[in-house]
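Data block below; observations after.
The values are calculated or read from the model by the stated rules, or taken from the named source; none is laboratory data. None of these values were measured; they are calculated from a predicted model. Backbone-built Cβ (ideal geometry, glycine too); neighbour counts: all protein chains shown. Only protein heavy atoms, including side chains, enter the accessible area calculation; ligands, DNA and RNA are left aside. Shrake-Rupley method; radii C 1.70, N 1.55, O 1.52, S 1.80 Å.
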Amino acid sequence: MNFSEVFKQSNQLCRVSPDGKYLATCVQYRLVVRDVNTLQILHLYTCLDQIVHMEWSSDSLFILCAMYKRGLVQVWSLEQPDWYCKIDEGSIGLVSSRWSPDGRHILNTTEFHLRVTVWSLCTKAVSYIKYPKACQKGIDFSRDGCYMALAERRDCRDYVSVFVCDDWHLLRHFETETQDLAGVEWSPNGCVLAVWDSCLEYKVLLYSLDGRLLSTFSAYEWSLGIKSLAWSPSSQFLAIGSYDGKVRILNHITWKKVTEFDHPASINNTKAVSTLSNEYMSVPVVKPDLDRANPKVGVSSMAFSSDNRYLATKNDNMACVVWVWDMQRLGLLAVLEQTSAVRCFQWDPRRPRLALCTGNAKLYLWSPAGCVSVQVPAEGGFQVQSVTWHCSGDSLILLGKEQLCLCYMEVGEEEEEDDDVK
């Protein structure tokens, strides 16, 4: 591996363009665009205030910078550096801003979720969508960019509206069988919309594009329910993580549970721990304070590998451990125990290779071939807070508290076992 020099960044705002050619970083109120290969500065833009959100358009030609406290959004062009767009939401405020899939419309959500404003960069037309719900994931676009699902709350009931992104006309509008809808997410193939209830009720509803209820799944009642949800890239599996520390896997044919993965405190699966120093392992468990809000318990993070073969999970009261499950055998494959709480983990977009960090000066990698940990050779004690793969899988962006650097993976490099990763 090779590492770049260290650069400044603010608020963890560092994004690679969708085409993989550029690296955009924010430093206070400045936006810096670099060539991802040479890291030379190509463009430097100055915003009106400190940037709190930054996002590339789908075609990598524009960059959106949001300043929520001032209700402002500024858009910059890579092709025409002198051109820019300013959107001022005024007294109604701003809590969220994002691109539409075509990269020519911006969706702003106002304070108190009074409405979603759709701004067109081409025609300067403005459209309004009423009743957006303030929830965990209230808006989701289908992978092909054709449809937008919006969670709504009106007359004390939950609804979902499906819009066609070409002209923003309403395709379907239907009431959901939820007490307090928490999120919506399209399957990667765009055929099914998953809708889930708040943590107070375990319920997942699967809807077709035309609003038909395909299936309902509920694992138990009268206890904290769903904490996370993830589709496999092939849309064949839906993984549901819950507060009881289990992951339940639904299949795409009957929408029934095919298996469930537990996160036990003691592991005696010799195949899963064959890379460890012994055949029996005790996982460190932190007892959560259940009298406080948002207790550190349950499965909060899940991610499928790009080839659908593996699922990585993290149970919050076992914060130092990442579990890797084999989706062909439907069983535990590896337990990655760290000395500190895992901050972030992410799969290589091209290969079955998992990167993770724990807030120290090391980068950790796992693949079926083994594990490796690498010290980041940066001065001043670079502490890795999060990791992001380049879309090629050939490099990683490592983010510290106020710095960043790139890690370049050598082609064909061998991964070796390391005592820091068990």
- Task: Select from segment 149-162 the residues that are touching a residue at least 12 places away in the same chain (Cβ under 8 Å) and open to solvent by 20 Å² or more (accessible area, probe 1.4 Å) and write down the one among them that is nearest to Thr216 (Cα to Cα).
- Result: Tyr159
- Message: I'd like the full set of residues that are within 27 Å of His173 (Cα to Cα) and surrounded by 13 or more Cβ atoms within 10 Å (Cβ to Cβ), limited to segment 215-232.
- Response: Ser215, Phe217, Ser218, Gly225, Ile226, Lys227, Ser228, Leu229, Ala230, Trp231, Ser232
- What's the number of the condition Leu48 fails, among (1) open to solvent by 60 Å² or more (accessible area, probe 1.4 Å); (2) free of Cβ contacts under 8 Å to residues at least 24 places away in the same chain; (3) farther than 19 Å from Lys124 by Cα; (4) of a type in the set (A, V, I, L, M, F, W, C)? (2)
- Task: Please enumerate the residues belonging to segment 170-185 that are surrounded by 20 or more Cβ atoms within 10 Å (Cβ to Cβ) and either touching a Cys at 6+ places or on another chain (Cβ under 7 Å) or in a loop (DSSP other than H, G, I, E, B) (or both).
- Result: Thr176, Thr178, Leu181, Ala182, Gly183
- Note on the structure: Checked segment 386-405 for anything open to solvent by less than 50 Å² (accessible area, probe 1.4 Å), polar (S, T, N, Q) and under 14 Å from Asn11 (Cα atoms); matches are Ser386
- Residues of segment 135-153 being modelled with pLDDT of 95 or more and farther than 26 Å from Leu121 by Cα, in sequence order, are Cys135, Arg153
- Query: Among (1) under 19 Å from Leu250 (Cβ atoms); (2) assigned to a loop (DSSP other than H, G, I, E, B); (3) touching an Asp or Glu at 6+ places or on another chain (Cβ under 8 Å), where does Leu205 come up short?
  - Reply: (2)
- Condition check for Gln40: in contact with a strand residue (DSSP E or B) (Cβ under 9 Å, 6 or more places away or on another chain), open to solvent by less than 10 Å² (accessible area, probe 1.4 Å) and closer than 30 Å to Val6 by Cα: no
